[in-house]
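As structure tokens, the structure follows; a few thoughts come after it.
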Amino acid sequence: MAERMLEYNTGFIDNKAIIGILRRAYNHVDKRLMDHGIRVAYIVSRMLRRMPQVSAAQMRDLCFLAAMHDVGAYKTEEIDRMVRFETEEIWEHSVYGCLFIKNFTPLFELAQAILFHHAPWSELERMEDVSRENKHAAQLIHLADRLDIWLNAEGGSYADFARIVRAERGQRFEPFFVDLLLEQEFAPFTAEEVEGDPAFQQMQAEISFTGEEIRDYLKMVIYSIDFRSRHTVTHTMTTTSISNELAEYMELGAQERNNVVCGALLHDLGKIGIPVEILEFPGKLSPQAMAVMRTHVDVTEEIFGGDIPSPIREIALRHHEKLDGSGYPRGLRAQQLSLEERIVALADIVSALAGTRSYKKAFGKERICAIITGMREDGLMDPALVGCMLAHYDEIMEKTRVRCQPVLEIYQKLQADYNAIYAQYAPVRA
């Protein structure tokens with residue numbers, strides 16, 4: 001993909017950090033789902049520990065898949081229905097989850113497991129176009145998912161659950177995994193208790209993610225935020241690309257350029273906590289709605305936790321600050337803002353102006369250049385950076401267009417893929 005032309009080092013993020021970032025990010029959409037995912041991953045881990053043929057890397061990947069099995073729900077309205085034991089018509093989240101896993105994570109070969117994690121074994125077993133590995137992963141998640149909902153959402157007893165799965169052994173549930181699950185006892189537990197379990201923590205940390213895997217997981221959360229609004233689908237990539245080009249023209253060193261790119265990539269994580277009706281409001285936001293929109297910076301900071309080092313953290317969190325102190329959230333002034341922070345602030349503005357919104361079409365070159373020139377004259381933006389952007393506008397925006405094209409193509413293809421998959425498999429009912 002063309003975006004590989006934009007390289008960056010994610011060595012500052014380890015297994016624990018990326019999992020924490022993902023959990024905190026998705027919690028801002030609906031905490032029930034991410035806590036549910038963590039608990040499902042824990043149940044899966046306990047089952048896998050009784051399968052010596054499963055490697056540590058396979059266990060890590062299957063547990064990560066289990067934790068993210070409902071990722072597609074962040075694009076649907078199915079959340080309330082999904083936290084009940086008996087569910088109907090919830091294929092939307094399974095299809096979108098499959099497409100997210102396929103397009104934005106290293107676990108693309110297991111995407112069908114997400115598609116069929118509510119499918120009954122009697123139907124799944126007969127599917128010739130689904131691999132054995134995906135069938136088994138789907139059933140592992142299905143059993144763990146139903147157990148968690150039964151125990152922790154509906155307050156049922158484990159003895160009653162055992163009776164249910166025994167009765168549906170071979171029909172709804174794969175016999176081997178039923179027997180594997182029932183070899184153990186389970187009681188209600190919280191996601192916080194899971195995170196305090198030493199064996200579970202060791203499993204997550206034992207096999208480290210590669211830099212490429214971490215980049216792919218970051219892409220997943222970044223793009224799932226952008227895909228909530230069709231108008232912002234390439235905003236993060238556009239901002240990152242423009243930031244990279246400005247950093248190169250300003251002759252920043254390799255480490256500083258990497259900080260700029262990573263800060264730009266992470267700058268809007270907090271928008272996952274902003275209601276879509278505000279993100280896509282067709283006009284000027286009310287003061288109340290704008291106050292909510294501005295909280296995305298604070299949400300970003302909360303999502304970072306202690307896992308993102310400075311200065312990457314500050315670059316991301318200061319992209320709405322202005323040189324005259326009129327920006328937000330801290331009202332910082334020129335002497336408090338580094339060149340790297342100023343770069344991403346300018347790139348974010350250019351990206352927003354060049355993109356479509358629910359209330360406007362994409363602005364052309366002349367209008368964008370006039371706006372940022374005015375901001376320079378008003379003392380809001382760095383004069384040297386604005387001058388650089390004006391001087392190299394065509395080159396910067398052409399490179400950005402090339403980098404963003406694969407993302408646009410994926411977005412455009414997602415809906416077609418969704419329609420095709422839904423039409424083919426939705427008749428299989430949970």
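Overview of values
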quantity	calculated
Separation of alpha-carbon centers, segment 227-280 and segment 333-406, rounded to whole Å	12 Å
Span per principal axis, largest first, for the Cα atoms of segment 284-391 (Å)	41, 32, 21
Mean Cβ count within 10 Å, highest first, over the residues of peptides 255-266, 178-189	255-266, 178-189
Karplus-derived 3J(HN,Hα), 6.51/-1.76/1.60, for each residue of segment 413-418, Hz, glycine and proline x	7, 4, 5, 5, 5, 4
Burial order of peptide ranges 235-241, 201-207 (average beta-carbon count within 10 Å, highest first)	235-241, 201-207
³J(HN,Hα), Karplus 6.51/-1.76/1.60, whole Hz, each residue of segment 22-32, x for Gly, Pro	4, 5, 5, 5, 6, 4, 6, 8, 7, 4, 4
Per-pair calculated FRET efficiency, R0 = 41 Å: Val402 and Glu195 via Cβ, rounded to 0.05	0.50
Convex hull per residue volume in Å³, alpha carbons only, for segment 165-263	199 Å³
Sequence-separation-based contact order of segment 217-325, relative, with Cα cut under 8 Å and 6+ spacing, percent	28 percent
3J(HN,Hα) from dihedral phi, segment 368-374, Karplus parametrisation 6.51/-1.76/1.60, rounded to Hz, x for glycine, proline	4, 5, 5, 5, 6, 5, x
Accessible solvent surface per residue of segment 160-309, calculated while the other protein chains remain in place, 1.4 angstrom probe, Å²	42 Å²
Cα-based Lys pair tally, the chain, threshold under 15 Å, eight or more apart or on separate chains	8
Residue among Cys262, Ala347, Ile312 farthest towards the positive dipole end of the chain, charges placed on Cβ	Ala347
Charge context of Gly379, other residues only, Cβ under 11 angstrom, K/R +1, D/E -1	-1
Cα point-scatterer Debye curve for segment 187-345, base-10 log of I(q)/I(0) at q = 0.13 Å⁻¹	-0.72
Most fluctuating residue given options His319, His392, His118, as computed from a GNM of the chain linking Cα atoms under 10 Å	His392
Mean Cβ neighbour count within 10 Å, used as a protection proxy, ranking 41-54, 337-350 highest first	337-350, 41-54
DSSP-assigned coil residues among trypsin sites (Lys or Arg not before Pro) in segment 357-408, each with at most 14 further Cβ atoms within 10 Å	Lys361
Within a Gaussian network of the chain (alpha carbon springs, distance under 10 Å), most fluctuating of Asp35, Asp70, Asp394	Asp394
Dipole of segment 288-430, positive end: most advanced residue of Met375, Ser338, Ile410 [Cβ charges, Cα centre]	Ile410
Percent carbon-and-sulfur accessible area, the chain, ignoring ligands, DNA and RNA, probe 1.4 Å	50 percent
Rg/Rh (Cα only; Kirkwood hydrodynamic radius) as it applies to the chain	1.01
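The values are calculated or read from the model by the stated rules, or taken from the named source; none is laboratory data. Predicted model, so just to flag it, every value in this text is computed and none were measured. Cβ: placed from backbone, ideal geometry, glycine included. Neighbour counts: every protein chain shown. Remember, those area values only see protein heavy atoms, side chains included, never the ligands or the DNA or RNA. Shrake-Rupley method; radii C 1.70, N 1.55, O 1.52, S 1.80 Å.
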